[in-house]
Amino acid sequence: MTPTPLMTDGAPETAAPAKPGGGPVRTSPALAVLRIESLRGTAPWTFAICLATLLIAVFGGRDPYQADWPAMAQHAHALQILLGPLVAGAACWEAGRERRRHTAEWARATPRPTLHRLTAGLFPVWLAAVAAYLVTWAVLTALTWPNASAYGHPLLGPVLVDLAAVAAFAAGGHLLGRYVPWWPVAPLAALSGYAALVLWNVPASSGLAQLIPAAFDIREGSEPALWASAAHTAWFAGLAAAMLLAAGARRKWLAALPLAVAVAGAVPLVQQPGAVWVYDRAAAEFVCEGERPQICMRRAHEGMRERVADPVRWAYGLTAGAPGAPARFEERAPAPGGRSAAGPDAVEVRIVHRGDLGSDRRLDYFQRDAVLQSLLAWDCRSERIRPEWSHEVLLWAHGQWPGAMDDRLLDTPVVKALDTMSRAERAAWFADWFAAARACDPDRVTRP
């Protein structure tokens, strides 16, 4: 007789096969730790403080970086002066967390390798700083787009360089906090980083200056070479990886591999600092519109034409009809060797940016003043050649814009005389003014 199978509480004889995908999705332990560390502890505070600092720097300073994409990339790189030491201090503080909580011995007793524990504490801080940087970069891109969209595109090579530099700052700060058992070392690391970057006295054109993760000088009209961006990325990323492997890897010799990459990136930067930046001749070419006046802007700054067009047309109208009056206005552009790019009969026009001259509420006035200063300038070696009353001509020109000048400043003999002239008389007088200015001979123009 065949025995009857044992049944329990009416359960089926065989269990139904599990449906694929029906069970809960298991998250890897590494991702779970990363998620927890990113949402708690130092990382959220790092993101908030870094983002607030960067945005204050963006909106609280000058805005020449909005002129073109290379200028924006250089400005974003200069923000490393603020971001880097902050990240180093935050990573240093995070590294000392186990020691402050008296859980270091327990953490070392776990089966996780030392390198895993290092990256678990460092990676969330680096990600928080990266997120703050990328948000700031997006804000800079949005601010720059209206002016720069006519030529070129945002440069991604410098972004990779900056992210690698943040990793180097974070790795250095984390190792400092791990091996120095003293809680004030974190704020001191940040302060020391600021002091080192600010007091760095190596000329910007030297090779050593290429090895630091921040730069003060802005090279107008130039953009970083592709090989230089790759070399900078290799230098900073290799340095960060070498520090981590030297501290956490079981086989210490593995640190030699990223160190070799770092050296390979540093050598050409030190040997060829002059080739790191490439002058963009196509961006500096003039694009001219109109005839009288003819306004010429650099191709890279076509989006800012209207910023200077109205002041130029208004200033030209003040002297229109005068024989010899300049009719061509060129944006002041950098040229190799520092020479002026304007022709002999052209008036150089400087674009005034927010923060250049103090009060941003009078930015329109400062832009008109920049045009008038160039239009009425005497290009002479000595300022003594100019008539001593020449500044009153500039006051008269400003006074033609309603409400631009205080009436008391316009109460001068030259201003009154120019006001009483007819249009034809004034055109004839300005013809003598421009002839005298070109010849640097004040005797060729009479005081009105």
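The values are calculated or read from the model by the stated rules, or taken from the named source; none is laboratory data. Everything numeric here is computed off the predicted structure, so don't read it as measured data. Heads up, the Cβs are rebuilt from the backbone with ideal geometry, glycines too, and the neighbour counts pull from every protein chain shown. The accessibility values were calculated without ligands, DNA or RNA, using every heavy atom of the protein model including side chains. Shrake-Rupley method; radii C 1.70, N 1.55, O 1.52, S 1.80 Å.
If you wrap segment 245-324's Cα atoms in a convex hull and average its projection over all directions, what's the area in nm²?
Numbers: hull surface 41.3 nm².
Answer in nm², one decimal: 10.3.
May I ask you to derive the FRET efficiency for residue 279 and residue 327 from their Cβ-Cβ distance with R0 = 41 Å, giving the value to the nearest 0.05? The partial results should precede the final answer.
Working: r = 29 Å, r/R0 = 0.71.
Step by step, r from the Cβ atoms, then E = 0.90.
I need the shape label for segment 277-332. Rule: rounded when a/c is under 1.5, else prolate if a/b > b/c, else oblate, with a, b, c from the alpha carbon gyration tensor. Walk me through the numbers before you get to the answer.
Working: a/c = 3.15, a/b = 2.18, b/c = 1.44.
Note, shape of segment 277-332 comes out prolate.
How far is it, in nm, from the label point at residue 194 to the one at residue 267 when both lie 7 Å from their Cα along the line to the Cβ?
Label-label distance for residue 194 and residue 267, simple model: 3.9 nm.
Per residue of segment 396-402, what does 6.51 cos²θ - 1.76 cosθ + 1.60 with θ = phi - 60° give for ³J(HN,Hα)? Whole Hz please, x for Gly and Pro, Karplus curve as stated.
Listing the rounded values in order: 4, 4, 5, x, 6, 8, x Hz.
If packing is taken as the mean number of other Cβ atoms within 10 Å per residue, what is the order of 409-417, 69-77, highest first? All intermediate terms of the calculation are to be shown ahead of the outcome.
Details: 409-417: 14.8, 69-77: 23.2.
Highest-to-lowest ranking by the protection proxy: 69-77, 409-417.
For residue 423 and residue 208, calculate 0.36 nm times their separation in residues minus their Cα-Cα distance, and state this gained length in nm to one decimal. If you can, show how the numbers build up before the last one.
Values: separation 215, 0.36 × 215 = 77.40 nm, distance 6.08 nm.
Full extension of this stretch gives 71.3 nm more.
For the pair residue 217 and residue 287, what calculated FRET efficiency results from E = 1/(1 + (r/R0)^6), where r is the Cβ-Cβ distance and R0 = 30 Å, to the nearest 0.05?
E(calc), rounded to 0.05, equals 0.65.
Taking 0.36 nm per residue of sequence separation and subtracting the Cα-Cα distance, how much length would be gained by fully extending the chain between residue 183 and residue 45, in nm to one decimal? Spell out each step's value before the answer.
Numbers: separation 138, 0.36 × 138 = 49.68 nm, distance 1.75 nm.
47.9 nm is the gain from fully extending residue 183 to residue 45.
Within the accessible area of segment 404-448, what % is carbon and sulfur when the probe is 1.4 Å and the other protein chains stay in place? Don't jump to the answer; show the numbers that get you there.
Working: 1290 of 2620 Å².
Here it works out to 49 percent.
What does the C-alpha gyration tensor say about the overall shape of segment 130-268? Classify as rounded when a/c is under 1.5, otherwise prolate if a/b is larger than b/c, or oblate.
Details: a/c = 1.83, a/b = 1.55, b/c = 1.18.
Prolate shape, in that a/c is at least 1.5 and a/b is the bigger ratio.
At a Förster distance of 41 Å, what's the computed FRET efficiency of residue 134 paired with residue 373, Cβ-Cβ distance as r, to 0.05? Mind dumping the intermediate values first?
Details: r = 41 Å, r/R0 = 0.99.
Calculated transfer efficiency: 0.50.
Using alpha carbons only, how many angstrom separate the centre of segment 169-188 from the centre of segment 361-382?
Segment 169-188 and segment 361-382 have Cα centres spaced 52 Å from each other.
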